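In what follows, a single structure is set out as structure tokens and then discussed.
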Amino acid sequence: GDEGLWEGSLFIFDDRMKVDFSKKAKVIGECEKCSSPTNQFYNCANKACHKLVLLCDACAQLDVSKGCGHTRTRYNNAELIG
């Protein structure tokens, strides 16, 4: 695991996308397509969507012509607040 106060990577708003606090940073993110551990953000390939999504390296290389699916919510059991 991590050494220090933080777990995982910190998302940042520049071309680096993330910063790890140590070489032993724990991967706490989950690939949106296959649920594999990942800490890498990618822009959605759908030009109309262009959301940032967490994807593993394998899923980031898949054919994206099938559509992004970001119009659906991933968390079907999430409680809506507000």
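Computed values, structure above
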item	result
Residues of the stretch 52-79 that turn out to be assigned to a loop (DSSP other than H, G, I, E, B) and at pLDDT 85 or above, as a count	3
Tally of residues being farther than 20 Å from Ile12 by Cβ and among the polar types (S, T, N, Q) across the stretch 26-47	3
Residues of the stretch 1-16 that turn out to be part of a loop (DSSP other than H, G, I, E, B) and either surrounded by 15 or more Cβ atoms within 10 Å (Cβ to Cβ) or touching a His at 6+ places or on another chain (Cβ under 9 Å) (or both), as a count	2
Positions within the stretch 17-47 being outside any loop (DSSP other than H, G, I, E, B), of a type in the set (A, V, I, L, M, F, W, C) and either closer than 15 Å to Ala60 by Cα or within 11 Å of the chain's Cα centre (by Cα) (or both), in sequence order	Phe41
Filter pass, Ala25 being surrounded by 10 or more Cβ atoms within 10 Å (Cβ to Cβ) and modelled with pLDDT under 90	yes
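The values are calculated or read from the model by the stated rules, or taken from the named source; none is laboratory data. Computed from a predicted model, the values in this text were never measured in an experiment. In this analysis, Cβ positions are derived from the backbone assuming ideal geometry, glycine residues included, and neighbour counts consider all displayed protein chains.
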